Structure formats: C-alpha cells, structure tokens
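Below: one structure, written as structure tokens.
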Amino acid sequence: MIRKNTGLKYCVLKQAISLKTGDRYLKKHQYEFVFFDGLNEYYVAKEANHRKQLFNKTYPEILVSKPQLSYGWSKHITKVHKQLERVQSALDKRIEQNAHLQEQLAKTQEEVNQFRSTKFLAKELVRRIKRKLFR
C-alpha cells in the first residue's frame, strides 16, 4: 500500500507488507528511498530531494531502533505484569507471615530452654536431697 502524505506532498510511505509492485511504481515515478522505521519504508520524490534531511532530523535512529510490539503482545505483557504484581503481593504477605512465625519459634525455643533448665535444676535438687537424706 502506498500513501502520499498531504503535509509532505513529495514524500511517500510504503508499508513493508505491500507487494514488489510498489517498488516498480516508486522507481518509475522517480522516488528515492530515505528511511526505514522497522515496519515502513519512506521515499522522497527526486524533485523534493531537500526533504531527505527532514527524516534524519525527525526520525533519529535511536527513536525507532527499539522493537515495536503489536497490541496483542502489549496486552499479554500487561496481563503478565498484573499477575506478577499479584504474585509479588502474595509473596510479601508470606514473608511477613514467615517473620511472625520465626518470632514465635524463637519465643517457644526460649521457653523450652527455660523448661529444660528448670527440669535439670529440679532433678539436681532431688538428687542432692536424696543424698542428704540417705547419708
């Protein structure tokens, strides 16, 4: 498909999906290739050769060198991003729960150690009492 831009009377946009017949038409009418944005080719008529400079200033390579995503991929990426946010939120909750459980475990371990210490002291006390009684 070839479209003339009304703002730039002597410039033509040729979509990359068009047939080779577009190339023949452009050569026949003396259009010269000036720019490719990754999807479309841009041509300038021979009599408007001065307009070539506009493409270098208007469309620097850095702006169009990034790959373009179709709407379908963009929609899919948005969906995956939302899923990732939900997973991150769930993970944050699990991390918080884990920290709480670790605090409880530390308290329980401290109580067990105190109990063991108390049990040891009680056994030691019973042993000493028995020794004194049976001497």
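The values are calculated or read from the model by the stated rules, or taken from the named source; none is laboratory data. These numbers were taken from a predicted model, which means no experiment stands behind them. Methodologically, a virtual Cβ is constructed for each residue, glycine included, from the backbone with ideal geometry; neighbour enumeration extends over all protein chains shown. Only protein heavy atoms, including side chains, enter the accessible area calculation; ligands, DNA and RNA are left aside. Shrake-Rupley method; radii C 1.70, N 1.55, O 1.52, S 1.80 Å.
When the residues of the range 102-135 are narrowed to those that are hydrophobic (A, V, I, L, M, F, W, C) and open to solvent by 100 Å² or more (accessible area, probe 1.4 Å), which ends up nearest to the chain's Cα centre (by Cα)?
Step one: filter the range 102-135 for residues hydrophobic (A, V, I, L, M, F, W, C), giving 105-106, 112, 115, 120-122, 125-126, 129, 133-134.
After this cut, where a residue has to be open to solvent by 100 Å² or more (accessible area, probe 1.4 Å) as well, the list is 115, 120-121, 125, 133-134.
On the way: PHE115: 52, PHE120: 58, LEU121: 60, LEU125: 66, LEU133: 78, PHE134: 79 Å.
Result: PHE115.
Contact map, the range 16-37: residues that are modelled with pLDDT under 75 paired with residues that are charged (D, E, K, R) and open to solvent by 40 Å² or more (accessible area, probe 1.4 Å), Cβ distance under 8 Å, separation 6+ or inter-chain. Pairs shown: ALA16/GLU41.
Any residue in the range 58-73 that is in a helix (DSSP H, G or I), farther than 30 Å from TYR31 by Cβ, modelled with pLDDT under 90 and open to solvent by less than 100 Å² (accessible area, probe 1.4 Å)? Yes, some residue in the range 58-73 is in a helix (DSSP H, G or I), farther than 30 Å from TYR31 by Cβ, modelled with pLDDT under 90 and open to solvent by less than 100 Å² (accessible area, probe 1.4 Å). Per this entry, ARG86 is not counted among residues that are basic (Lys, Arg) and either more than 19 Å from the chain's Cα centre (by Cα) or at pLDDT below 90 (or both).
Checked against (1) at pLDDT below 75; (2) of a type in the set (D, E, K, R); (3) surrounded by 10 or more Cβ atoms within 10 Å (Cβ to Cβ), GLU96 meets all criteria but (1).
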